[in-house]
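Each remark here refers to the structure printed beneath this line.
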Amino acid sequence: MLLKGWDDYLLGDIATFRNGLNFTKSDSGEVVKIVGVADFKARTKLENTKELESIQVASKVRDLDLLASGDLLFVRSNGNKELIGRCLYFPHVSERLSFSGFTIRGRVDASVLEPEFASYLMRSKVVTDQIFLGGSGTNISNLSQEILSNIEVKIPALPEQRRISKVLNTWDQAIIIAEHLLANSRKQKRGLMNELLFGRTKIQRFSAPWAQVQIGEVLKEVKRRVEWDDKALYPLISVRRRSGGAVHRETLLGSEILTKKLNHAYTGEFLISKMQVVHGAMAVVPNCLNGMYVSDSYLVFQSSDESRYNIHFIGWLSATQWMYRAALRSSYGVHIEKMTFDLGMFFGERIRIPTDIKEQQAICNVLNDAQSEIDAAERHLEKMKVEKAAMMAQLLTGKRRVRLPPAITEAHA
């Protein structure tokens, strides 16, 4: 059923499409900036061209092969099929800017379809479903002008399109602000880590000296072999790279696990992945993973003396570049993905640590608070993105209408 004030179109009736050029670099000819698939990244619009590559072409690029304000650019072909059909909007183009052969330019009839509204519409499920199926019921390997032209769309009159764009643009701006705040919080946390964990900045109420000790003095390995039962369920822990923390990877029946060597891991213990340690796969076990299991490819440690060494201080230290380099120095092999971790060498690495365990805990508390702020910001950002997606789905299908001023409503009745 067609909504009042909305009309049916084939996209090809209200937009034209053009494939990009397969440029070859030359010693002579015009130097022009070019937009390729790599420039899409996570963007939905491109307003800054400073990062774009400039290439020298054999002659001069024709005007019809340049981008203009209001154009849309689609990924036509890519090894990653999930990228195909992704749309990038160009609100303002003030220089000669071309596009690669792996993309398709879309240029809408602005008397029917407002370009910014079109950019949102092209990212809606109504359109992306048609793109991905390619009209044939199977996932496409390449996008084509024909597929784009045959996409069916329902659109309101221009005033409502502009109102919808304004609402969604407001959401976009709020999300951008939230992303900047999150990035700043992460940067501040990294700064705090570098200052506090290495004693460059002291928490004022503490005056005890710091001591230099070997890692082997701070940690002791623990092994708790599991009595095997093929019918038992084993929830398994994994440690993510780049200090991504310990997570519940999966739960398997004993009969599904090929290597019958597991260890228990409990809250507050420190895990090291022997295979991924050079990539920062080290973490303290959180409460939610208490009593789960790790494979034999993990080392499990406790504090060698809880009255002197706080394991969480080591956990925070493990998320620094210093610890990454220490792990690399303690590994050997011809390829970083196949390095062998030498625990003895790692235990010989020396770290500086407060002799007052209360200072260790105070440093952890500051960093925990900083992480809590980041976690809250991440949840807020994710909630905003979900709410914006729901708003898009409603506005772009007419399930939710924007209220227009009476004069505009009457003029387009």
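The values are calculated or read from the model by the stated rules, or taken from the named source; none is laboratory data. As the structure is a computational prediction, the values presented were derived from the model and not from experiment. Ideal geometry is used to build each Cβ from the backbone, glycine not excepted, and the neighbour counts take in all protein chains shown. These area figures cover heavy atoms from the full protein model, side chains too; ligands, DNA and RNA do not enter into them. Shrake-Rupley method; radii C 1.70, N 1.55, O 1.52, S 1.80 Å.
Using the Cβ of residue 214 as centre and a radius below 15 Å, the other residues enclosed give a net charge of 0, where K and R count +1 and D and E count -1.
Which of 4/383; 4/385; 220/274 have a Cα-Cα distance over 25 Å? Let's see the in-between values first.
Details: 4/383 32 Å; 4/385 29 Å; 220/274 16 Å.
Result: 4/383; 4/385 exceed 25 Å.
Segment residue 201..residue 306, full-extension length gain: 35.4 nm, with 0.36 nm per residue of separation and the alpha-carbon distance subtracted. Sorting 96, 400 on solvent-accessible area from highest to lowest, probe radius 1.4 Å, gives 400, 96. Across segment 217-278, the relative contact order, built from alpha-carbon pairs under 8 Å that are at least six residues apart, equals 35 percent.
The radius of gyration of the Cα set in segment 34-123, together with its Dmax, comes out at 12.8, 38 angstrom.
When the Gaussian network model of the chain links Cα atoms closer than 10 Å, the mean-square fluctuations of 253, 73, 328 top out at 253.
Averaging sequence separations of C-alpha pairs under 8 Å and six or more residues apart, then dividing by the length of the chain, give the relative contact order as a whole percent.
Working: 709 pairs, mean separation 62.8, N = 413.
In percent, rounded to a whole number, it is 15.
Once the chain from residue 210 to residue 340 is taken as fully extended at 0.36 nm per residue, the excess over their C-alpha distance is 43.6 nm.
To the nearest 500 deg cm²/dmol, what mean residue ellipticity at 222 nm is calculated for the chain from DSSP H runs of n ≥ 4 alone, each contributing -39,500 (n - 2.57), summed and divided by the residues?
Numbers: 11 runs with 135 residues, N = 413.
Computed mean residue ellipticity for the chain: -10000 deg cm²/dmol.
Mind ranking 297, 307 by accessible surface for me, highest first, 1.4 Å probe?
On the way: 297 35, 307 85 Å².
Sorted by accessible area, descending: 307, 297.
Cross-link partners of residue 202 among aspartates and glutamates, defined as those whose alpha carbon lies under 12 angstrom from its own and excluding same-chain residues fewer than eight positions apart: 359.
Ranked from largest to smallest solvent-accessible area, with a 1.4 Å probe on the protein heavy atoms, 63, 342 come out as 63, 342.
Can you say what percent of the DSSP beta bridges in the chain, counting only those with both residues inside, are antiparallel? Round to 5.
Details: 52 of 58 bridges.
Counting DSSP beta bridges with both partners in the chain, the antiparallel share is about 90 percent.
If R0 is taken as 25 Å, the Cβ-Cβ distance between residue 176 and residue 81 corresponds to a FRET efficiency of 0.35. Give me the angle, in degrees from 0 to 90, between the Cα long axis of helix 357-395 and the longest principal axis of the Cα atoms of the chain, rounded to the nearest 10. Around 20 degrees separate the two axes.
Could you tally the net charge around residue 66, taking each other residue with its Cβ under 13 Å from the Cβ of residue 66, Lys/Arg +1 and Asp/Glu -1? All intermediate terms of the calculation are to be shown ahead of the outcome.
Working: positive: 18, 33, 60, 62, 96, 105, 107; negative: 30, 63, 65, 71, 95.
Taking every other residue near residue 66 into account, the sum is +2.
A simple spin-label model places the labels of residue 368 and residue 266 1.9 nm from each other, with each point 7 Å out along Cα-to-Cβ.
For the chain, a Gaussian network of Cα nodes joined below 10 Å ranks 299, 395, 121 by mean-square fluctuation, and the top entry is 299.
Approximating the spin labels as points 7 Å out from Cα along Cα→Cβ, the residue 184-to-residue 228 distance works out to 5.6 nm. Of the residues 160, 337, 116, the one that moves most in a GNM of the chain with alpha-carbon contacts below 10 Å is 337.
Hey, what's the Kirkwood Rh for segment 116-244 if you take every pair of different alpha carbons, in angstrom? Before the final figure, lay out each step's value.
Numbers: mean 1/r = 0.0446 Å⁻¹.
After inverting the mean inverse Cα-Cα distance, the result is 22.4 Å.
This structure gives log10 I(q)/I(0) by the Debye sum over Cα atoms at q = 0.06, 0.09, 0.10 Å⁻¹, computed directly, and of (1) -0.24, -0.55, -0.68; (2) -0.41, -0.81, -0.91; (3) -0.37, -0.73, -0.85 that value is listed as (2).
For segment 30-180, the solvent-accessible area of protein heavy atoms averages 47 Å² per residue (probe radius 1.4 Å; ligands and nucleic acids excluded). Could you tell me how many degrees, from 0 to 90 and to the nearest 10, lie between the Cα long axis of helix 158-196 and the main elongation axis, the longest principal axis, of the Cα atoms of the chain? In the chain, helix 158-196 runs at an angle near 20 degrees to the longest axis.
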